[in-house]
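Asks: Shown below is the structure under consideration.
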Amino acid sequence: GARAEIRPWLGDAVQMRIGADWRRTSGETREDFTYVAGVPTRNRKAGGRTETVGGYAELSAELDDVTLTAGGRLDRWTISDGFRREVNIGGTVRSDDRFADRSGWEGTARAGAAWVAGDDVTLRGAAYLGWRLPTLNELYRPFRVGADAVAANELLAPERLRGAEIGVDFGNARGSGVGVTAFMNRLDDAIANVSVGQGPGLFPGVGFVAAGGIYRQRQNLDGIDSVGLEIDGRLVWDDIRLTASYAYVDAQVIASGAALPLDNLRPAQVPRHFASMGGTWQNGPVKFDAMARYVSSQFEDDLNTLRLRDAFTVDASIGFTLTDNISLALRAENLFDVAVDSALSSNGIIERGSPRTIWVAATVSLD
């Protein structure tokens with residue numbers, strides 16, 4: 001990629017940025033699959049290229065106690081050179097697909113305002129538009145998890161976001177404070193793995209799905225509506241710094257056509273509650289850090305039939321500065337060795353997150 005930007009001088013109170021950027025992503029997957037007695041019988045190569053080039057302008061102005069910001073950009077995107085070839089190892093070609101190139105334009109914008117209502121209070125709000133191009137993985141690479149299979153979709157359209165937020169910040173000169181933000185978003189053409197069949201049977205893009213397995217395809221949903229609240233706090237007191245955060249997200253799928261069974265359900269892998277609390281204490285050469293996190297239960301699948309359990313984990317570390325050039329650290333992740341469910345297939349196969357992990361590190365500076 002590349003980027004160029006100019007910032008013309010408009011005075012101390014006004015800032016402008018005008019620029020352009022270009023990004024290209026290309027990739028290819030090469031994988032063996034359909035194992036028999038531990039030996040692969042088929043090989044797949046798939047990939048392509050995505051490219052975006054765009055221009056943008058941003059303007060901000062500080063007017064007494066009010067700060068105003070506005071910006072917009074226009075992007076040209078291209079999806080090209082897509083292919084997927086599958087062969088029987090040492091034998092015949094099963095499929096050799098070349099996909100049509102596609103391109104389009106996307107315009108986005110953002111506007112916001114912040115008002116310092118008092119010595120320790122700031123009110124703020126913003127409205128915005130955004131978009132995301134499908135990844136090469138979503139476009140071209142099918143995959144399996146246990147008995148379940150998910151087909152790629154070379155015809156996926158970009159996701160488009162509309163949203164707004166309002167918030168208030170309270171803070172003091174010592175660094176302590178609280179921020180509260182409420183938001184509302186609509187994600188149009190949201191990309192999801194949509195259940196469209198059940199094994200046993202042969203399905204396009206993945207082949208045979210065994211009994212008990214689910215066949216899914218990546219598709220653009222009509223949209224996902226979400227509203228939520230975020231709270232962040234921090235407390236600074238002598239050598240101690242404490243932080244805490246909480247997020248609540250109420251999200252709902254809007255679907256029709258082949259995805260109609262998903263209408264009004266919750267998006268997969270989106271927890272309703274997320275919270276964390278941490279602290280840092282430093283006294284001379286000793287520094288102690290700890291962080292606790294909680295994630296509520298969430299659905300693994302689009303049909304809301306498979307539930308991942310909630311999880312509470314703690315990370316901690318302690319560091320020692322021995323000399324100006326040498327320091328030691330002991331760090332523990334998932335300190336209490338909690339079994340964290342990270343994935344669940346329809347036939348009951350559970351993938352676990354990382355167990356308790358202990359790190360010992362030494363840092364030597366050669367200054």
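The values are calculated or read from the model by the stated rules, or taken from the named source; none is laboratory data. Predicted model only: the values in this text are computed from it and were never measured. Every residue, glycine among them, receives a Cβ derived from its backbone with ideal geometry; neighbour counts consider all protein chains shown. Side chains included, ligands, DNA and RNA excluded: accessible areas come from the protein's heavy atoms. Shrake-Rupley method; radii C 1.70, N 1.55, O 1.52, S 1.80 Å.
Asks: Conditions: (1) within 30 Å of LEU155 (Cα to Cα); (2) of a type in the set (Val, Ile, Thr); (3) in contact with a Phe, Trp or Tyr (Cβ under 9 Å, 6 or more places away or on another chain); (4) modelled with pLDDT of 95 or more. ILE254 meets all but one. Number of the miss?
Replies: Going through the list (1) within 30 Å of LEU155 (Cα to Cα); (2) of a type in the set (Val, Ile, Thr); (3) in contact with a Phe, Trp or Tyr (Cβ under 9 Å, 6 or more places away or on another chain); (4) modelled with pLDDT of 95 or more, ILE254 breaks only (3).
Asks: Further, regarding this structure: Please identify the pairs in which a residue from segment 344-356 that is among the charged types (D, E, K, R) has its Cβ atom under 7 Å from the Cβ atom of a residue that is at pLDDT 85 or above and assigned to a loop (DSSP other than H, G, I, E, B), counting only partners at least 6 apart or on another chain.
Replies: Correct list of pairs: ARG352/ALA339; ARG352/VAL340; ARG356/ASN334; ARG356/LEU335; ARG356/ASP337.
Asks: Counting only residues that are over 27 Å from GLN298 (Cβ atoms) and open to solvent by less than 70 Å² (accessible area, probe 1.4 Å), which one in segment 312-340 is nearest to the chain's Cα centre (by Cα)?
Replies: Ranking the qualifying residues of segment 312-340, first place goes to SER317.
Condition check ((1) farther than 30 Å from GLY71 by Cβ; (2) in contact (Cβ under 8 Å) with a residue 12 or more places away in the chain; (3) part of a strand (DSSP E or B); (4) touching a helix residue (DSSP H, G or I) at 6+ places or on another chain (Cβ under 7 Å)) across all residues:
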{"position": "GLY11", "(1), (2), (3), (4)": "no, no, no, no"}
{"position": "ARG17", "(1), (2), (3), (4)": "no, yes, yes, no"}
{"position": "ARG23", "(1), (2), (3), (4)": "no, yes, yes, no"}
{"position": "GLU28", "(1), (2), (3), (4)": "yes, yes, yes, no"}
{"position": "GLU31", "(1), (2), (3), (4)": "yes, yes, yes, no"}
{"position": "THR34", "(1), (2), (3), (4)": "yes, yes, yes, no"}
{"position": "ARG42", "(1), (2), (3), (4)": "yes, yes, yes, no"}
{"position": "LYS45", "(1), (2), (3), (4)": "yes, yes, yes, no"}
{"position": "GLY48", "(1), (2), (3), (4)": "yes, yes, yes, yes"}
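Asks: Hey, another quick one. Report the residue count in segment 264-278 for those that are modelled with pLDDT under 95 and open to solvent by 70 Å² or more (accessible area, probe 1.4 Å).
Replies: The number of residues fulfilling the criteria is 1.
Asks: Also, quick follow-up: Which ones in segment 134-189 are under 29 Å from LEU344 (Cβ atoms), out of contact with any helix residue (DSSP H, G or I) (no Cβ under 7 Å at 6 or more places or on another chain) and of a type in the set (D, E, K, R)?
Replies: GLU138, ARG141, ARG144, ASP148, GLU159, ARG186, ASP188, ASP189
Condition check ((1) over 28 Å from ALA157 (Cα atoms); (2) buried (at least 16 other Cβ atoms within 10 Å of the Cβ); (3) at pLDDT below 95) across all residues:
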{"site": "ASP12", "(1), (2), (3)": "yes, no, yes"}
{"site": "ALA20", "(1), (2), (3)": "no, no, no"}
{"site": "THR52", "(1), (2), (3)": "no, yes, no"}
{"site": "LEU63", "(1), (2), (3)": "yes, no, yes"}
{"site": "THR67", "(1), (2), (3)": "yes, yes, no"}
{"site": "ALA70", "(1), (2), (3)": "no, no, no"}
{"site": "THR78", "(1), (2), (3)": "no, yes, no"}
{"site": "ALA100", "(1), (2), (3)": "no, no, no"}
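Asks: Would you check if GLY163 is farther than 20 Å from ASP302 by Cα and touching a Gly at 6+ places or on another chain (Cβ under 8 Å)? Steps first, answer last, please.
Replies: Working: farther than 20 Å from ASP302 by Cα: yes; touching a Gly at 6+ places or on another chain (Cβ under 8 Å): yes.
Spelling it out, GLY163 is indeed farther than 20 Å from ASP302 by Cα and touching a Gly at 6+ places or on another chain (Cβ under 8 Å).
Asks: On to the next question. Step by step: first the residues of segment 117-135, then only those that are assigned to a loop (DSSP other than H, G, I, E, B) and under 30 Å from ASN193 (Cα atoms), then the one that is most open to solvent (accessible area, probe 1.4 Å). Which residue is that?
Replies: My answer is THR135.
Asks: Report, by residue number, each residue of segment 154-211 that is in a strand (DSSP E or B) and among the polar types (S, T, N, Q).
Replies: THR181, ASN185, ASN193, SER195, GLN198
Asks: Regarding segment 187-209, can at least one residue be identified that is within 22 Å of the chain's Cα centre (by Cα), farther than 30 Å from ARG85 by Cβ and in contact (Cβ under 8 Å) with a residue 12 or more places away in the chain?
Replies: Narrowing segment 187-209 to residues within 22 Å of the chain's Cα centre (by Cα): 187-195.
After this cut, where a residue has to be farther than 30 Å from ARG85 by Cβ as well, the list is 187-188.
Next, from what is left, pick out any that are in contact (Cβ under 8 Å) with a residue 12 or more places away in the chain: 187-188.
Looking for residues that are within 22 Å of the chain's Cα centre (by Cα), farther than 30 Å from ARG85 by Cβ and in contact (Cβ under 8 Å) with a residue 12 or more places away in the chain, one finds at least one in segment 187-209, hence yes.
Asks: Which members of segment 341-367 meet the condition of being open to solvent by 60 Å² or more (accessible area, probe 1.4 Å) and over 30 Å from ARG144 (Cα atoms)?
Replies: So the first thing to find is which residues in segment 341-367 are open to solvent by 60 Å² or more (accessible area, probe 1.4 Å), and the list is 347, 349-352, 354-356, 358-360, 362-364, 366-367.
The answer is ILE358, TRP359, VAL360, ALA362, THR363, VAL364, LEU366, ASP367.
Asks: Return the only residue of LEU366, LEU328, LEU335, LEU303 being in contact with a Gly (Cβ under 8 Å, 6 or more places away or on another chain) and either at negative phi or part of a strand (DSSP E or B) (or both).
Replies: Answer to the selection: LEU328.
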